[in-house]
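The values are calculated or read from the model by the stated rules, or taken from the named source; none is laboratory data. No experiment lies behind these values; they were computed from the predicted model shown. For accessibility, only protein heavy atoms count, side chains too; no ligands or nucleic acids. Shrake-Rupley method; radii C 1.70, N 1.55, O 1.52, S 1.80 Å.
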Amino acid sequence: MVTEPQRILVIDDEPQIRRFLRISLVSQGFVVHEAQSGGEGLSLALEELPDLVLLDLGLPDMDGQEVLNRLRARSQVPVIVVSVRGQETEKVRALDRGANDYVTKPFGIQELLARIRALLRHRDESPLSLEGGCYRRGGLVIDLGARRLWHHATAVHLTPKEYAVLERLCRHAGRVVTQTQLLREVWGPSHVEDSHYLRIVISKLRHKLGDDPGAPALLQTEAGIGYRLLVGRDDAAAMDDDTENHS
């Protein structure tokens with residue numbers, strides 16, 4: 001069976017960057033569409049239905065953040081922001097508005113390719129699979145109805161806040177979830193500045209799940225931005241049989 005090559009839309013006003021990305025992506029088997037403005041990029045996104053978008057923020061006709069807003073109103077296509085703007089505030093804004101990842105220029109092409117492959121893989125595989133009311137992914141199994149959790153077939157007790165944070169990270173496995181989003185959804189809008197609440201919960205989750213913050217296997221900190229649940233591709237299948245004996 002011949003699989004159709006995956007398509008990537010590059011929205012960037014710099015011809016040199018577009019050429020560099022086109023050569024690099026085509027060499028990896030991708031089909032590349034290019035746009036040099038926000039308006040052209042939005043039109044191509046709706047016409048060509050790409051599998052992933054690489055979006056610059058400094059565009060001539062509109063800010064890339066606005067392009068992201070308009071794109072998210074119509075599509076859930078994975079988006080990686082590739083921008084010279086490296087400030088944490090810009091990264092948080094983009095991620096809060098629906099970007100899946102953020103890479104600062106100048107960047108290494110191998111790192112960008114790895115991020116592209118990871119996003120496309122998570123798009124093709126549901127971050128969590130639902131079977132009988134249980135979410136299973138990686139070494140984690142969460143029974144949403146019973147609010148129970150297993151880690152490598154061992155039951156783990158979580159407080160309501162710990163469970164709420166982990167459940168949201170699981171729903172976006174492999175993606176950065178911003179501090180603002182977690183604080184708003186778990187503690188409420190009046191607590192979006194209380195990042196110390198979140199740090200305490202993440203620390204307790206790491207302890208309960210045996211995750212080393214110096215070399216995380218599950219919970220990765222994106223400094224000043226948020227947290228990402230790291231998941232392996234082969235973990236879920238291996239866990240299915242084990243967890244059946246504990247449910």
Check: In whole Å, how far is the Cα centre of the range 165-186 from that of the range 79-98?
Finding: 16
Margin query: How large a share of the accessible area of the range 148-199, in percent, is made up of carbon and sulfur atoms when the probe is 1.4 Å and the other protein chains stay in place?
Written below: 49
Item checked: lysines whose Cα lies under 20 Å from that of K204, excluding same-chain neighbours fewer than 8 positions away -> K161
Notebook entry, point to check: Dividing the alpha-carbon radius of gyration of the range 1-85 by 2.2 N^0.38 Å (N being the number of residues), what value is obtained?
Noted result: 1.04
Checklist line | Length released on extending from R199 to A217, taking residue separation times 0.36 nm less the Cα-Cα span | finding: 4.7 nm
